[in-house]
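In what follows, a structure is listed as structure tokens, so that the remarks can point back to it.
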Amino acid sequence: MIKPRPRIVDLSEVEPNTRRGGDLRAMLTPATVGSTSGFMGVAIVQPGDRIGEHYHPYSEEFVYVVCGELEVDLDGEPHPLRPEQGLMIPAYMRHRFRNVGKVEARIVFHLGPLAPRPQLGHVDTEGTETVPVAAAAEGAGAAEARS
């Protein structure tokens, strides 16, 4: 068995993707660093933008708000999220993040354990066409993160 080696990953190394709204970048993953128990990333959400509703059937999600004003819907119930607050989202709980403030919001997220296959780790519960991507033309986007 090959032992994973420590590796620093810069946010600029992770390709943005606008599929689900916001700018989700899975930074420390099995593919990027050889992790085996979960993965970590950053979500950047512009004012008025959101990350579409979804759930994770295999993983708990841990979220820490770095900056900005967010609202998270947990199984349809809205909750405010402010800087320096953390949140644990149980497996199977539907959730959606919205930036309700006037400045960019950033959150750090970690999911674990890993799903048996990446495509099984994230289930969308609303169509992506309903998710506004406020700054897609300016380079803000979402990276596939299963989050």
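Looking only at residues in segment 11-36 that are over 22 Å from THR125 (Cβ atoms), open to solvent by 80 Å² or more (accessible area, probe 1.4 Å) and assigned to a loop (DSSP other than H, G, I, E, B), the one that is modelled with the highest pLDDT is THR36.
Scanning segment 63-114 for residues that are among the aliphatic types (A, V, I, L, M), crowded, with 19+ Cβ neighbours inside 10 Å and not in a strand (DSSP E or B) returns a single hit, LEU114. Against the list (1) touching a strand residue (DSSP E or B) at 6+ places or on another chain (Cβ under 9 Å); (2) open to solvent by 50 Å² or more (accessible area, probe 1.4 Å), the condition GLY121 fails is (2).
Just one of the listed residues (VAL108, VAL42, VAL33, VAL72) is touching a Leu at 6+ places or on another chain (Cβ under 9 Å) and closer than 27 Å to ARG5 by Cα, and it is VAL42.
The values are calculated or read from the model by the stated rules, or taken from the named source; none is laboratory data. Computed from a predicted model, the values in this text were never measured in an experiment. Neighbour counts run over all protein chains shown; Cβ positions are idealised from the backbone, glycine included. For the accessible areas, the whole protein counts, side chains as well, though only heavy atoms, and no ligand, DNA or RNA atoms are used. Shrake-Rupley method; radii C 1.70, N 1.55, O 1.52, S 1.80 Å.
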